[in-house]
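Report on the structure given below.
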Amino acid sequence: MERDVDEKKLAIFLGEFDYQVKEINRIYEIIQTRTPSNPKNPIPEAVVESIGYWIHNLYCAYEDLFKIICSFWENNISSSSGYSTALLRRMVFAIEGIRPALLSEDSLRLLDELRGFRHMFRHAYSHGLDEERILILLKRIKSSNPTIKKDLANFRQAVASIT
């Protein structure tokens, strides 16, 4: 990275980044505690709703991280009907001379699915959540977590070395 970054501002960015990653990890832990031990048994509706709520919060926490990155490195994406999609997609590519990519294509796929779930969750006024869909998302979240964590760690390491 060629960008000349003020050390104090970078330290503040890294503090915000670390705090948000800690929040994301906390939500993963909550999701883990809500996960049924035997998903072959029917899951009570209240548990499905709780898990759905925390999956919703997980994506919101990631989106907050993306906003922190965009506001520090390349200004904000203008609010529009496709704002969340544009924000997520921007995290997959490096901006030459500015910052490295945050996410791999594998991470993008899961997070895009979570973004879609969040949209549905926010607009599911008159119908409940689908237990099967929740269980599929839980499985994907668990299997993708190491990849996303690695992406976040690689990004942090790359930007921490900029000065």
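Every number in this text was worked out from the coordinates using simple rules, so none of it is lab data. Remember, it's a predicted structure, so these values are computed and weren't measured experimentally.
Enumerate the lysines that K8 could reach by cross-link, defined here as Cα to Cα under 20 Å, with residues fewer than 8 away along the same chain left out.
Qualifying lysines at Cα under 20 Å: K67.
Counting pairwise Cα distances across the chain, what percent come out greater than 25 angstrom?
Taking all Cα-Cα pairs of the chain, the fraction more than 25 Å apart is 35 percent.
May I ask you to evaluate 6.51 cos²θ - 1.76 cosθ + 1.60, the Karplus curve with θ = phi - 60°, for each residue of region 82-97 and list the ³J(HN,Hα) values in order in whole Hz, giving x for glycine and proline?
Using θ = phi - 60°, the values come out as x, 4, 5, 5, 5, 4, 5, 5, 5, 6, 8, 10, 6, 10, 3, x Hz.
May I ask you to derive the relative contact order of the chain, considering only C-alpha pairs under 8 Å and at least 6 residues apart, and to give it as an integer percent?
Once normalised by length, the contact order is 32 percent.
Rounded, prolate or oblate: which fits region 60-155 when a ≥ b ≥ c are the square roots of the eigenvalues of the alpha-carbon gyration tensor, with rounded for a/c under 1.5 and prolate only if a/b beats b/c? Walk me through the intermediate numbers first.
On the way: a/c = 2.98, a/b = 1.46, b/c = 2.04.
Here region 60-155 falls in the oblate category.
Take the alpha carbon atoms of region 99-163, find their center, do the same for region 11-59, and report the distance between the two centers in whole angstrom.
Answer, in whole Å: 11.
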